[in-house]
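A quick write-up on the structure given underneath.
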Amino acid sequence: MLRTLSILFFLSLSWALIADAETMPPAADKQLAHDIYKEFVEVQSGFTTGSTTPVAEAAAAHLKAAGFPDSDIFVGGPNPKKANLVVRYHGSGAARPILLLAHEDVVEAKREDWTMDPFQFVENGGYFYGRGTGDDKAQAAVWIANLIRYKREGFKPDRDIIVALTADEEGGGPFNGIDWLIKNHRNLIDAELALNEGGWGESSGGKKISNDLQVSEKYVINFRFEVRNKGGHSSIPVADNAIYHLAGALDRLSRFGFPLKTNEVTAAYFGQMAKIETGPIAADLAKVAEGSQDAMEKVAAASPPWNATLRTTCVATELEGGHAKNALPQLAAATVNCRVLPEDSVEYVQSTLHKVVADDQVSITVVGNPGKGPASPLRPDVVNAVKRATGLEWPGVPVVPMMVMGATDGMYLREAGIPCYGIQGFFFDRNDIRFHGRDERMGVQEFYEGQAFLYELVKMLARNGQ
Ligand SMILES: [Zn+2]
């Protein structure tokens, strides 16, 4: 009786749900993706304090349990805490491999900053919560779960499918996994093209607006602002104070904005957005695509992500200074993290900061080596497969090529001559992006839809674009 009722209920009310259910992964595959995801999120793989090795080992254990031979699984890295995982699913060899990349590490998260424990995977109110639920453990888990599903289903691709889960994407540093693999084991990851994080779905008020395909990205420059001073006793203060010099510089920086402009990719992006958006902003978006400065001002003011798409940004992220409560500071310093448009040079950004700071007591130096990858070509096979897979999962939702604001490991691949496309199919509310922030989360439904989307997309691309 109960069963009859529920079937009737299902049949009478839920044709939409039936259609939806067909595009979702089978229950066992959803469960597997969920379990791997949970395991990954609960590993404290923080960039500075954690280890990525347990993530690589957990993935390897799932793959072995699913019958992947040891000879197709690589776990290794530059030191015992920074292991990467690479696994190969063999195709016919008719085409060169496709590489599926995701990073294992996460930005630090402190318990006291969060509403809940950031390293407990919690489902609540339609969301999965935990550090890395968005960036980037969902894609890492889905790559592994989908590869296991291909194997179980006996899928025969035209090219090898390689999954690489890598260390230390966040914050750069010497142990970046994909950089290390390119330099030390290129044969393991060499591919005709790669898919990675960087492009996600944008929704607003619950409505899916676009499935973004990332083809270029901003690059990162970290600057150190530093003021040195001879110091002295705090009971005899003088105007020439290291902390005040630095504070003045940062205050001027906080009120400065780099010029607003578009490039080929972002003009195309805003052109698409003009067709998607409704209301008065749509006209402004169309004018942005045509290069109107007035419209750029309005659009940048309307949305932090649009602002970051239209200009290079620099923001203070770390502070240090002083050495005793009762001494004038001999040192005050800050990290200023810049996300730079591909067409803006390091020299341009540095000289602009000098002008903004306008204080020669403040030295401004580049930390590390800013990398800079070329844009990937807009390959028709990739664009068409993304459009088709998007149409299967979310009929009517457009695919929008874009430049992403943050930098990703795609840069290393592009520099190495492997075109890399940021595509995830996980939808996020574009005014509530919590990557790197507190209470990071992923919609439960959005996670499984992304799993289904990536399953179809990789299948299409691995069949040589068929
Ligand atoms: Zn990431």
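Just so it is clear, none of the values below were taken in a lab; they were calculated from the coordinates. Only a predicted model underlies this, so the values are computations on that prediction, with no experimental measurement involved. Ideal geometry is used to build each Cβ from the backbone, glycine not excepted, and the neighbour counts take in all protein chains shown.
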Item to complete: Calculate the dipole size of the chain relative to its Cα centre from +1 charges on Lys and Arg beta carbons and -1 charges on Asp and Glu beta carbons; express the result in debye to the nearest 20.
Response: 360
Worksheet item: For the range 31-124, with only Lys/Arg (+1) and Asp/Glu (-1) charged at the beta-carbon, what is the dipole magnitude about the Cα centre, in debye rounded to 20?
Response: 420
Discussion item. Can you compute 3J(HN,Hα) from phi for each residue in the range 435-443, using the Karplus curve 6.51 cos²θ - 1.76 cosθ + 1.60 with θ = phi - 60°, rounded to whole Hz and x for Gly and Pro?
Written reply: 4, 6, x, 7, 6, 4, 8, 9, x
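From the gyration tensor of the Cα coordinates in the range 419-465, what semi-axes in whole Å does the equivalent ellipsoid have, largest first, with each one equal to sqrt(5λ)?
On the way: eigenvalues 131, 33, 11 Å².
Whole-Å semi-axes of the equivalent ellipsoid: 26, 13, 7.
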Worksheet item: With θ set to phi - 60° and the Karplus curve 6.51 cos²θ - 1.76 cosθ + 1.60, what are the ³J(HN,Hα) couplings of the range 31-39 in order, to the nearest whole Hz, using x for Gly and Pro?
Response: 4, 4, 4, 4, 5, 5, 4, 4, 4
Fill in: On Cα atoms only, tilt of 293-302 relative to the major axis of the chain in degrees
70
Discussion item. Quick query: amide H of N222 versus all other amide H atoms, modeled in the peptide plane; which residues come in under 5 Å with a sequence gap of 5 or more or a different chain?
Written reply: C338, V367
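What list do you get for L260, L392, L461 if you sort them by fewest beta carbons within 10 Å? Show your work: numbers first, answer last.
On the way: L260 19, L392 15, L461 28.
Lowest to highest Cβ neighbour count: L392, L260, L461.
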Response to the item:
Assertion target for L353, L413, ordered by fewest C-beta neighbours within 10 angstrom first, is L353, L413
Worksheet item: Restricting to the chain, what percent of DSSP beta bridges are antiparallel, rounded to 5?
Response: 65
Worksheet item: Across 20 Å bins from 0, what is the distribution of all Cα-Cα pair distances for the chain, in whole percents?
Response: 23, 53, 21, 3, 0
Worksheet, complete the sentence: The Cα extents of the range 349-466 along the principal axes, largest first and rounded to whole Å, are 59, 37, 22
Worksheet item: To the nearest 20 debye, what charge dipole does the range 61-178 have about its Cα centre, counting +1 at the Cβ of each Lys and Arg and -1 at the Cβ of each Asp and Glu?
Response: 560
Worksheet item: Which cross-chain or sequence-distant (5 or more) residues have an amide H under 5 Å from the amide H of S203, H modelled 1.01 Å from N in plane?
Response: I209, F428, D429, R430
Practice prompt. Report, to two decimal places, the Cα Rg of the range 146-192 normalised by 2.2 N^0.38 Å (N = number of residues).
Written response: 1.45
Item to complete: Return the lysines within reach of K261: Cα separation strictly under 18 angstrom, same-chain partners fewer than 8 residues apart disregarded; answer none if there are no such residues.
Response: K218, K287, K298
Practice prompt. Identify unpaired cysteines across the chain, taking unpaired to mean no other cysteine Cβ lies under 4.7 Å from the residue's Cβ.
Written response: C420
Worksheet item: How compact and how long is the range 292-341, expressed as Rg and Dmax of its alpha-carbon atoms in Å?
Response: 17.4, 53
Worksheet item: How many times 2.2 N^0.38 Å is the alpha carbon radius of gyration of the range 76-115?
Response: 1.89
Worksheet item: Computed on alpha carbon atoms, what radius of gyration and Dmax characterise the range 266-375, expressed in Å?
Response: 18.8, 61
Practice prompt. Grab the DSSP H runs of the chain that are 4 residues or longer, score each as -39,500 (n - 2.57), total them, divide by all residues and round the 222 nm result to the nearest 500 deg cm²/dmol.
Written response: -12000 deg cm²/dmol
Response to the item:
Rounded to a whole number, the Stokes-Einstein D of the range 191-234 in µm²/s (Kirkwood radius over Cα pairs; 10 °C; 1.306 mPa s) is 101
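Where a ≥ b ≥ c are the square roots of the eigenvalues of the C-alpha gyration tensor, would you call the range 97-194 rounded, which needs a/c under 1.5, or, failing that, prolate if a/b is larger than b/c, or oblate? Before the final figure, lay out the partial values.
Working: a/c = 3.96, a/b = 1.42, b/c = 2.78.
Because a/c hits 1.5 or more and a/b fails to exceed b/c, the range 97-194 counts as oblate.
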Worksheet, complete the sentence: Dipole check, the range 310-466, charges on Cβ (K,R +1; D,E -1), about Cα centroid: among P342, L319, Q424 the Cα furthest to the positive pole belongs to Q424
Fill in: Cα-based reach from K372 at 13 Å (exclusive), listing aspartates and glutamates while leaving out same-chain residues under 8 positions away
E217, E343, D344, D409, E415
Worksheet entry | Gyration tensor verdict on the range 145-280 (Cα atoms; rounded if a/c is under 1.5, prolate if a/b is larger than b/c, oblate otherwise) | oblate
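First check a/c for the range 375-431, with a ≥ b ≥ c the square roots of the eigenvalues of its C-alpha gyration tensor; if it is under 1.5, answer rounded, and if not, answer prolate when a/b is larger than b/c or oblate otherwise.
Since a/c reaches 1.5 but b/c is at least a/b, the shape of the range 375-431 is classed as oblate.
Expressed as a rounded percentage, what relative contact order does the range 394-466 have, with Cα pairs under 8 Å and six or more residues apart?
Numbers: 25 pairs, mean separation 17.4, N = 73.
24 percent.
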Worksheet entry | Between helix 242-254 and the chain: long-axis angle, C-alpha atoms, 0 to 90°, nearest 10 | 50
Practice prompt. Quick one: angle between helix 444-462 and the longest Cα principal axis of the chain, in degrees between 0 and 90, rounded to 10, please.
Written response: 70
